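Let me begin by presenting the structure, written as structure tokens, before commenting on it.
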Amino acid sequence: MEVIHKIGRRKTAVARVYIKEGSGNITVNKKDLNTYFTTGTLQYKVNQPLAMTSNEGNFDINVNVYGGGITGQAEAVRLAISRAMCELNEENRGILKPEGLLTRDPRMVERKKYGQKKARKKFQFSKR
């Protein structure tokens, strides 16, 4: 099996994932998964597509991720791994799609507008 390369995005985070057959090592930005994503919730998010398709321990995954915060990065990695699992086996699509793991979440921070305090908040209005 050759290396599979997929990209996942969430907010401003971009994750590039390279998957090849191996013993189940996940490396994120040249660090181990558990040292990069310290909380159990984030580790669960990254492992979710592997657990659902019962591929834990079958692949070595190398991830380059940048931009955004730690949660956005974890969700970007999850999307990229989900896309790679679908390329490996088309039957995985039926498992991952109902859970929403193949959907790109389009919610991003709205830009600040001029003449306003924030994106939607206005400066205080004084009648007199």
### Message
Below 8 Å between Cα atoms, with a sequence gap of 6+, how large is the relative contact order for the chain in percent?
### Response
30 percent
### Summary
Hits in segment 1-24: amide N under 15 Å from the 7 Å Cα→Cβ extension of Asn64, namely 4-8, 14-19
### Task
Springs between alpha-carbon atoms under 10 Å, Gaussian network over the chain: tell me which of Lys113, Lys30, Lys45 tops the mean-square fluctuations.
Lys113
### Query
If the limit is 22 Å between Cα atoms, which of Lys45/Lys121; Lys20/Lys45; Lys45/Lys113 go over it?
Lys45/Lys121; Lys45/Lys113
### Message
Rounded to whole Å, give me the distance from the Cα center of segment 19-60 to that of segment 79-111.
### Response
16 Å
#### Entry: Distant-in-sequence amide H partners of Phe59 (H built 1.01 Å from N, under 5 Å)
Gly22, Gly24
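Every number in this text was worked out from the coordinates using simple rules, so none of it is lab data. Computed from a prediction, not measured in an experiment: that's the story for all the values here. Glycine also receives a Cβ, built like all others from the backbone with ideal geometry; neighbour counts cover every protein chain displayed.
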